[in-house]
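Only the coordinates and a few stated rules stand behind these numbers; no lab work does. Since we're looking at a predicted model, the values are computed, not measured. Here Cβ is always computed from backbone atoms with ideal geometry, including for glycine, and neighbour counts include all displayed protein chains.
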Ligand SMILES: Cc1cc2nc3c(=O)[nH]c(=O)nc-3n(C[C@H](O)[C@H](O)[C@H](O)COP(=O)(O)O)c2cc1C
């Protein structure tokens, strides 16, 4: 059976704890899923719950689980969510200093449809490096889910906990789905 595969990359921000919502919704829509976490994000997520839902080990390093393949997984779409200020800036600059960033760099380079959903406060979002990063990634055809059109704006500093509940997991998946329409579904073959 061929099913589309969604690669999810989580960064170290509060909504990472709720990535199971995205996995569940995607699975209901016949995606297979796998999660890669930045090293800092490991503190934020329930690894066992994610592995139970995805059926794949959570990857964070090149050798995070015995027997796991070193190569990057085939993916029909990539969602980076929540994307931190730190990781958005790194992705735009092409910095690949951990397995998650290497995964993102390579999948964007392979032109895998990519949606990035930042979770940043307004004080960080106005910084010139972040503004440049968003513009540069959009130039690379990465969908940055941020702004009035997306109904997803940076939050006021200190309000992250309450904003976490509004994180647009389903909307991110909806944004990724039409981007894959020209991509042939393929057999799942992830390590
Ligand atoms: C409890 C906690 C909450 C955080 N929330 C956010 C956040 O909402 N957005 C953000 O950009 N960084 C947040 N940070 C800071 C990031 O975790 C930090 O910049 C980290 O280096 C990001 O690593 P990563 O981008 O590799 O995941 C938070 C840190 C902590 C400890």
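What number results when the radius of gyration of segment 5-179, computed over Cα atoms, is divided by 2.2 N^0.38 Å?
Details: Rg = 14.8 Å, N = 175, 2.2 N^0.38 = 15.7 Å.
Here the answer is 0.94, to two decimals.
Which angle between 0 and 90 degrees, to the nearest 10, do you get for helix 99-109 versus the longest principal axis of the chain when only C-alpha atoms count?
The two axes meet at around 90 degrees.
Can you give the % of DSSP beta bridges in segment 5-179 that are antiparallel, to the nearest 5?
Working: 1 of 19 bridges.
So the antiparallel bridges amount to about 5 percent of the total.
According to the square roots a ≥ b ≥ c of the eigenvalues of the Cα gyration tensor, what is the shape class of segment 16-118, taking rounded for a/c under 1.5, prolate for a/b larger than b/c otherwise, and oblate for the remainder?
rounded
Taking 0.36 nm per residue of sequence separation and subtracting the Cα-Cα distance, how much length would be gained by fully extending the chain between residue 47 and residue 128, in nm to one decimal?
25.7 nm
Along Cα→Cβ, 7 Å out, is where each label goes; now give me the distance between the ones at residue 106 and residue 3 in nm to one decimal.
The two pseudo-label positions are separated by 2.3 nm.
Over segment 89-146, what is the relative contact order in whole percent, taking alpha-carbon pairs under 8 Å and six or more residues apart?
Relative contact order here is 40 percent.
Hey, what did segment 1-141 get for relative contact order, percent, Cα under 8 Å, at least 6 apart?
Relative contact order, segment 1-141: 27 percent.
Rounding to the nearest 10 and keeping the result within 0 to 90°, find how far the Cα-based axis of helix 19-28 lies from the longest principal axis of the chain.
50
Using only the Cα atoms of segment 75-191, build the gyration tensor, take square roots of its eigenvalues as a ≥ b ≥ c, and label the shape rounded, prolate or oblate: rounded if a/c is under 1.5, else prolate if a/b is larger than b/c, else oblate.
prolate
What does the highest-first list of 147-160, 125-138 look like by mean Cβ count within 10 Å?
125-138, 147-160
What ranking, highest mean first, results for peptides 83-95, 105-117 when packing means the other Cβ atoms within 10 Å averaged over each residue?
83-95, 105-117
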